[in-house]
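In what follows, a structure is listed as structure tokens, so that the remarks can point back to it.
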Amino acid sequence: MTEVIRLRMDPLDHPRLPQLIVGLLVVIVVGGIVDLVFDNPDSWISPHVGFEVLLIVASLSLAVYLWRGWVGASRTLAETREALARRKVERDAWHRRAQGFLDGLGGEIDRQFRAWGLTPSESQVALLLIKGLSHKEIAAATSRGERTARQHAVAAYRKASVSGRAELAAFFLEDLMLPPDEGD
């Protein structure tokens, strides 16, 4: 099963936005320098010249700061996408390996349900109990009433000779063990 994750496109995620903003700031820098040259001030030490130099330096600094930030963010995003792709391959490989075991376990659970004489409805409820669903969740999942789901559960417990959900799950899962650590 392949999943496609779609993220809402943020207006700030436009691929050309960094270039546009930095370009605009560079135009402001060039415009400020051209304005200073055309003004041809008598004295370079004046409030007007100081203000224009301040705007030029601020625009240039902001352009450099933003550009470096976007380059770093792009690099991090690329690394994150690569790591995500590696994890997806790893997850898919694990899923393929585990699927055979899960199919076998499912078949064995079904055989045991038949050996106990569970009806199809009781089997369905029992399986959902093993998966950890509540009676209310089972009722919603099977389009039955909660009372009916509870009655099927009680019938399954009785036929399996177990006292409840925990013993039912333990019947199938208690022998599942993690492999021993090689260091132990």
What is the dipole size for the range 17-100, taken about its Cα centre, with +1 at each Lys and Arg Cβ and -1 at each Asp and Glu Cβ, in debye to the nearest 20?
1180 debye
Subtract the Cα-Cα distance of Asp181 and Ala141 from 0.36 nm times their separation in residues, and report this length gain in nm to one decimal.
10.5 nm
What percent of all Cα-Cα pairs in the range 22-98 falls into each 10 Å bin, going from 0 up to the bin containing the maximum distance?
17, 26, 16, 13, 11, 9, 5, 2, 0
Please name which of Ser134, Ala169, Gln151 has its Cα lying farthest along the dipole of the range 117-173 towards the positive end, using unit charges on Cβ (Lys, Arg +1; Asp, Glu -1) and the Cα centre as origin.
Gln151
Peptides 101-110, 38-47 ordered by average Cβ neighbours within 10 Å, highest first:
101-110, 38-47
Between the range 126-155 and the range 28-85, how far is it from one alpha carbon centroid to the other, in angstrom?
65 Å
Using 7 Å Cα-to-Cβ label points, what is the Val89/Phe172 separation (nm, one decimal)?
3.4 nm
Potential lengthening between Arg81 and Arg68 on full extension [0.36 nm per residue; Cα-Cα distance subtracted]
2.7 nm
Using only the alpha-carbon atoms, what does the range 117-173 span along each of its principal axes? Please give whole angstrom values in decreasing order.
27, 20, 16
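Dipole size in debye (nearest 20) for the chain around its Cα centre, Lys and Arg Cβ +1, Asp and Glu Cβ -1? Each step should come with its number before you reach the end.
Numbers: 22 positive and 23 negative charges, 236 e Å.
Dipole size: approximately 1140 debye.
Just the projected area, averaged over all directions, of the convex hull on the alpha carbon atoms of the chain: how many nm²? Spell out each step's value before the answer.
Numbers: hull surface 85.0 nm².
Across all orientations, the chain yields a mean hull projection of 21.2 nm².
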For the chain, whose charge dipole is built from +1 on Lys and Arg Cβ atoms and -1 on Asp and Glu Cβ atoms, the candidate among Gly117, Gly107, Phe51 with its Cα farthest towards the positive end is Gly117
Everything considered on the Cα gyration tensor (a ≥ b ≥ c; rounded for a/c under 1.5, else prolate if a/b is larger than b/c, else oblate), the range 97-140 must be described as oblate
Filter the chain for me: DSSP H helices, axial length by Cα at least 27 angstrom, mean Kyte-Doolittle hydropathy not below -0.5. List them by residue number.
17-39, 47-116
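Values quoted throughout were computed directly from the atomic coordinates according to the rules given, and no laboratory measurement underlies them. Fair warning: this is a prediction, and the values are worked out from it, not measured in the lab. Positions of Cβ are generated from backbone atoms using ideal geometry, with glycine treated the same way; all protein chains shown enter the neighbour counts.
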